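Structure record follows, encoded as structure tokens.
Only the coordinates and a few stated rules stand behind these numbers; no lab work does. For clarity, every value in this text was computed on a predicted model and none was experimentally measured. Cβ: placed from backbone, ideal geometry, glycine included. Neighbour counts: every protein chain shown.
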Amino acid sequence: MKNVAVIGAGTMGNGIAHTFAQFDYKVQLIDVSQSALDKGIATITKNLDRMVAREKISEEDKTRTLNNITTYTNMEEGVEYASLVVEAATENVDLKLKIFKDLDSFCPDDTILASNTSSISITQIAAVTSRPGMVIGMHFMNPVPIMKLVEIIKGYSTSDETYKTVEEISKKLNKVPVEVNDYPGFVANRILMPMINEAVETLYNGVAGVQEIDTVMKLGMAHPMGPLQLADFIGLDVCLSILNVMYAGFKNPKYAPCPLLVNMVMAGKLGVKSGEGFYDYSESRKAEKVAVQFS
């Protein structure tokens, strides 16, 4: 299994492509947008340059990694020889279902179809294909080349053979695979998103300010990044989407997104990627200047 197709050239997609390519897999990076592909390759190159500068890899390693990646705007061409497809498109259920229907049609019969979804049901995704036993969740963490964890989500019909294959591939990428069952939010986001949402509620109710909330969690709980800064890093739209999936799946009010989070997303304040979230990133990508005040 040396040919891996990655669907989506955004933050997660280019990180997944980078990681597979660095471990000598031939990667077909696919996106409908040529500009997104160009930006993705630029990001991979920049990250590899940083690794060279830190003497983590050699210049030859960088060149080999980039040579292992081929870009496509046509999905059918890109997945023609793929043994594994990892979908990393936007966290939208209708989009993902369409992609998997197409993948099922375009891919060889023995291709494993994986989704990097952070919350959407693998069983639901598998149900639109003719190969539910070969559909699985492969949830990487951001930034993918650095973070060790991969949540491997078994849908209701995912076969043991598919799970073992993906588990072994994850280990070959120098990742730590963790088996998770298919329920909304899986493990990482089922625990993380309520914490982030509660931090937003704490701000919304005027208990403390943005920096104060983040400082308590960093210095009191030894978190490397406070929950509001982490939300900005993930993307507030992504956080909102995951909370909505969990709220719809469990009907439990503890997963209902805070009104402040909803309003910020509607206003286009999405965090680092939009230049403003709980912090202002117009001058620096570091969380130094607070953008949201509540009292």
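General remarks:
- Between residue 94 and residue 266, residue separation times 0.36 nm minus the direct Cα-Cα distance comes to 59.9 nm.
- Once you reduce the range 125-182 and the range 56-112 to the center of their Cα atoms, the two points are 15 Å from each other.
- Inter-label distance for residue 219 and residue 1, nm, one decimal - labels placed 7 Å from Cα along Cα-to-Cβ: 4.7 nm
- Residue pairs exceeding 21 angstrom between C-alpha atoms, taken from 46/286; 2/171; 2/273; 2/175; 26/171: 2/273.
- From helices alone, the chain scores -13500 deg cm²/dmol at 222 nm; the rule is -39500 (n - 2.57) for each run of n ≥ 4 DSSP H residues, then divide by the residue total.
- Relative packing of peptides 110-117, 240-247 - highest average C-beta neighbours within 10 Å first: 110-117, 240-247
- The chain, relative contact order in percent, only Cα pairs under 8 angstrom and at least six apart counted: 13 percent
- Calculated diffusion of the chain, Stokes-Einstein form, Kirkwood radius summed over Cα pairs, 20 °C and 1.002 mPa s, µm²/s: 108 µm²/s
- For the pair residue 149 and residue 286, the difference between a 0.36 nm per residue extended length and the Cα-Cα distance amounts to 46.9 nm.
- Shape category assigned to the range 190-290 from the gyration tensor of Cα positions, a/c cut at 1.5: oblate
- In the chain, the longest principal axis of the Cα atoms and the axis of helix 93-106 are about 10 degrees apart.
- Helix 236-250 vs. the chain, principal-axis angle (Cα, 0 to 90°, nearest 10): 80 degrees
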